[in-house]
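In what follows, a structure is listed as structure tokens, so that the remarks can point back to it.
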Amino acid sequence: MNHLIRAIQRDGYQINKSSYTCLTCSFIRRQISQSTLKPKPLIATNVTVDKHLPISSVIRPPIVPEPVIEKNCSDKEWTESRIDMKDLHQHYLKLSKSRLTSLVVVTTMAGYAMAPAPFDLVTFILCSAGTGMVSGAANSINQYHEVPFDAQMSRTKNRLLVRGILTPIHALTFAAVSGSLGLVTLYYGVNPVTAALGAANLFLYTSIYTPMKRLSILNTWIGSVVGAIPPLMGWAGCTGGVIDSGGLLLAGLLYAWQFPHFNALSWNLRPDYSRAGYRMMSVTNPGLCRRTALRYTIGIFGLCCAAPFCELTNIYFSIAVSPLNAYFVYLAWKFHQNSDSKTSRNLFRFSLIHLPALMILLFVNKHGLWSGNSKPKENSEVIAVNKDEKIISSIFKKAEPL
Amino acid sequence: MNNVDSVGPPDPVSNLRPIKYHIPKHESLVERQLRLKRIEVAKWNHEFWTNHNLRFIKEREAYKKCLSDKGISTATADQMSEFYKDFLDRNWKTHMTYNFEWYKKNITIVRLMMNKNMFKAIQWIKIFKF
């Protein structure tokens, strides 16, 4: 313990403190402002932080009413569905659900970075870009299929096709161009295995998962498989098509993460799901919904402990990630014991912090990153562990007031 | 409202947005086919969701009334979730038929749109030849 403290005093204190907290903060802030769960606390926390500043009273009034006025306008008037060429790129970003797509690309990048083969920048960029394009195509096909269903739920009622801004054929043309471009990039720029995984995932998402939402409770499991394939694509892109235990473990982590994340999110949307006909676990089997959330957080804990044995990370990863996973299990346990809007919201928010933190820890503790393939040196170990401790402590500081 | 369709605010019950389709001066057969099909599908969608949502509201009120008769004035989230599950289960078949019916209709619309675009492209080629 003493050497840790000494290391913090010596040089650890400055290392990347601000950059890590900023990364996590901005990620959470973006996610929260998007989610419909509770947009207000963001404004509220800003206000409480800025209360003692004299300018806060000047800034505050315009922040709150602006979106309300804008919403009223678009909700009450007839608008022409003419497309302005200036806004077209924004429409395409919305059509491909840019936030979700960027999360998918980040997991692909993580898969690529964690694979044991040497890092090649060109392949890395082609792999990420190709995956992004395929993901964009999948999302626009999904929106094409879902128009009347999306219109029923407050979370999705403002999507482009629901509002009639783009025609269905426009969305499909975009999907066809972006999807084929993405698959061609993956096939010729990366390797056929990655392209095949991308095509399979595109099919799975648009043709099986989307209709299954109204057919069977199994949709959440299918959706989790869809979420687990992007890191495999990154892994296969790096190793040239070989997927071994490390890649599967990474995919398993992503697969397991979907359950606490989605179950907590869907808990508060039960009335909407029931009316719109979505057979989500939270409505059709609430008990199972709570249990799976808990089970899979424990699964994440187990997988993280197994990571060093697959030569994915060093042994310090399992130690460093334990408090993070333990808190995740604790929140899932709370949700399991007493499921209400508060516990589900806490679990959902922490899942948004958990994933990027897990990615950072994975990469920082990558097997053989600090020392080639030989045994790690004393010094780098101390700094690596030290960094992790700081990331975790910064995360916990952020997580508790929520 | 010159030469494009215009989209209205969402309907309070069906939650779908009505669309006023623009009718061009010299409407070709393919354009007319597409427009009529879109009106037909929009009407079908509107009817389905109006019925469905009204039924949901009515049955929820009935369930709440049933609870209050038993002496429970405000239903908890858990009690309501029983109704949500029940409603979903009873409407499984309706939703399945609607879902695939809608996919078929949606694909027909896209096919007609492709026809229209093809027709327009041929017209353009003819104009440029002269």
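No value in this document is a laboratory result; all are computed from the given coordinates. These numbers come from a predicted model, not from an experiment. Glycine gets a Cβ as well: all are built from the backbone with ideal geometry, and neighbour counts include every protein chain shown.
As an exercise, use a Förster radius of 60 Å and the Cβ-Cβ distance of B:CYS66 and B:TRP124 to find the FRET efficiency, rounded to the nearest 0.05.
Step by step, r from the Cβ atoms, then E = 0.40.
For A:THR79 and A:ILE319, what is the calculated FRET efficiency with R₀ set at 60 Å and r taken between the beta-carbons, to the nearest 0.05?
0.60
Per residue of B:103-111, how many C-beta atoms from partner chains lie within 10 Å of its own C-beta, taken as a mean?
Per residue, the average neighbour count from other chains is 3.
Using unit Cβ charges (K, R positive; D, E negative) and no other charged atoms, how large, in debye to the nearest 20, is the dipole of chain B about its Cα centre?
820 debye
Once you've got the Cα coordinates, tell me which of A:LYS334/B:LYS70; A:LYS94/A:LYS342; B:LYS43/B:LYS105 are over 19 Å apart.
Among A:LYS334/B:LYS70; A:LYS94/A:LYS342; B:LYS43/B:LYS105, the Cα-Cα distance tops 19 Å for A:LYS334/B:LYS70; A:LYS94/A:LYS342.
Take B:HIS26, B:HIS95 and order them by how many other Cβ atoms sit within 10 Å, fewest up front.
If I rank by nearby Cβ atoms, fewest first, I get B:HIS26, B:HIS95.
Partner chain Cβ atoms within 10 Å, averaged over the residues of A:205-218 - can you pull that number for me?
Taking the mean over all residues of the peptide, I get 2.
Note down the nm distance, to one decimal, between modelled labels 7 Å out along Cα→Cβ at A:SER216 and at A:GLN90.
Distance between label points: 4.2 nm.
Take B:ALA77 and A:LEU100, extend 7 Å from each Cα along the Cα→Cβ direction, and tell me the distance between the two endpoints in nm.
2.4 nm
Starting from the eigenvalues of the Cα gyration tensor, five times each then square-rooted, give me the equivalent ellipsoid semi-axes of the range B:25-76, largest first, whole Å.
Value: 46, 7, 5 Å, ordered largest first.
Between Rg and the Kirkwood Rh of the range A:74-149, both from Cα atoms, what is the Rg to Rh ratio?
Dividing the radius of gyration by the Kirkwood radius yields 1.15.
Points 7 angstrom from Cα along the Cβ direction at B:GLN33 and B:GLU59: gap in nanometres?
Each label point is offset 7 Å from its Cα along the Cβ direction, giving 3.9 nm.
For the range A:251-307 and the range A:182-246, what is the separation of their C-alpha centers, rounded to whole Å?
One Cα centre to the other: 20 Å.
Excluding A:PHE174 itself, calculate the net charge of residues whose Cβ lies under 15 Å from the Cβ of A:PHE174, where each Lys or Arg counts +1 and each Asp or Glu counts -1.
+2
Which value in deg cm²/dmol, rounded to the nearest 500, describes the helix-derived mean residue ellipticity at 222 nm for chain B, given -39,500 (n - 2.57) per DSSP H run of n ≥ 4 and division by the residue count?
-26000 deg cm²/dmol
What is the sum of charges around A:LEU95, taking Lys and Arg as +1, Asp and Glu as -1, for the other residues whose C-beta is under 14 Å from the C-beta of A:LEU95?
After counting each charged neighbour, the total is +2.
Measuring from a point 7 Å past the Cα of B:ARG90 along Cα-to-C-beta, which residues in the range A:269-310 have an amide N at less than 13 Å?
Backbone N within reach: A:275.
Multiplying the sequence separation of A:ALA117 and A:SER341 by 0.36 nm and subtracting their Cα-Cα distance, what value in nm do you get?
Computed gain between A:ALA117 and A:SER341 is 76.2 nm.
What is the mean number of Cβ atoms from other protein chains located within 10 Å of the Cβ atom of each residue in peptide B:90-99, rounded to a whole number?
Mean shielding by partner chains, rounded to a whole number: 4.
Would you compute, for the Cα atoms of the range A:133-199, the largest minus smallest coordinate along each principal axis and list the three values in descending order, in whole Å?
Its Cα atoms span 41, 20, 13 Å along the three principal axes.
Can you give the convex hull volume per residue for the Cα atoms of the range A:173-305, as a whole number of Å³?
Given the Cα convex hull of the range A:173-305, per-residue volume reads 104 Å³.
How compact is chain B by the rule of thumb for globular proteins, expressed as Cα Rg over 2.2 N^0.38 Å?
For chain B, the normalised Cα radius of gyration is 1.59.
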